[in-house]
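A.B. asks: Take this structure first; my questions come after.
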Amino acid sequence: MRFIALIIAVPIALAAVLFAISNRGLVTLSLWPLPFTLEVPVYLATLVALVIGFLAGGVVAWNAQRRYRRRARRSTDRVSYLERELKETQARAAAAEKRLAEMNRPLSGTAGLPAVTGSGAALPATTVH
């Protein structure tokens with residue numbers, strides 16, 4: 001990417017230098033309602049106008065992309081929120097599974113008896129003589 005930028009920048013800089021060398025004549029700049037005038041070389045007036053146009057175009061393009069930047073920022077925030085919510089839900093599910101496993105653990109002294117199931121089946125009745 002840096003190489004491509006260099007390939008583009010060098011010819012543009014070379015053209016700007018050649019333009020400046022070729023156009024050293026003076027031009028008078030004035031803005032009608034103001035009494036001020038300014039004499040500058042043609043190349044300076046042209047290059048300043050190009051730079052101002054480039055910056056103005058950049059501002060317009062940047063402003064036009066505002067909607068998409070806002071949408072991307074909101075989507076990023078939404079993803080972060082959903083990831084946090086997913087972690088909390090997974091933690092609650094793990095805690096619930098742990099509690100369920102503790103509830104289904106056989107009690108001490110009831111070895112050999114079937115464990116209570118979720119269907120509500122009771123332990124077999126025993127008689128004591």
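A.B. asks: In nm, to one decimal, how far is the modelled label at Arg99 from the one at Leu34, with both set 7 Å along Cα→Cβ?
C.D. replies: About 7.5 nm, to one decimal.
A.B. asks: Per residue, what accessible area does segment 8-52 have, given a 1.4 Å probe and all protein chains present, in Å²?
C.D. replies: In whole numbers, segment 8-52 has 82 Å² accessible per residue.
The values are calculated or read from the model by the stated rules, or taken from the named source; none is laboratory data. Bear in mind the structure is a predicted one, so any value in this text is a computation, not a measurement. Quick reminder, even Gly has a Cβ in these numbers, built from the backbone with ideal geometry, and neighbours come from all protein chains shown. Just so you know, the surface numbers come from the protein's heavy atoms only, side chains and all, with ligands and any DNA or RNA stripped out. Shrake-Rupley method; radii C 1.70, N 1.55, O 1.52, S 1.80 Å.
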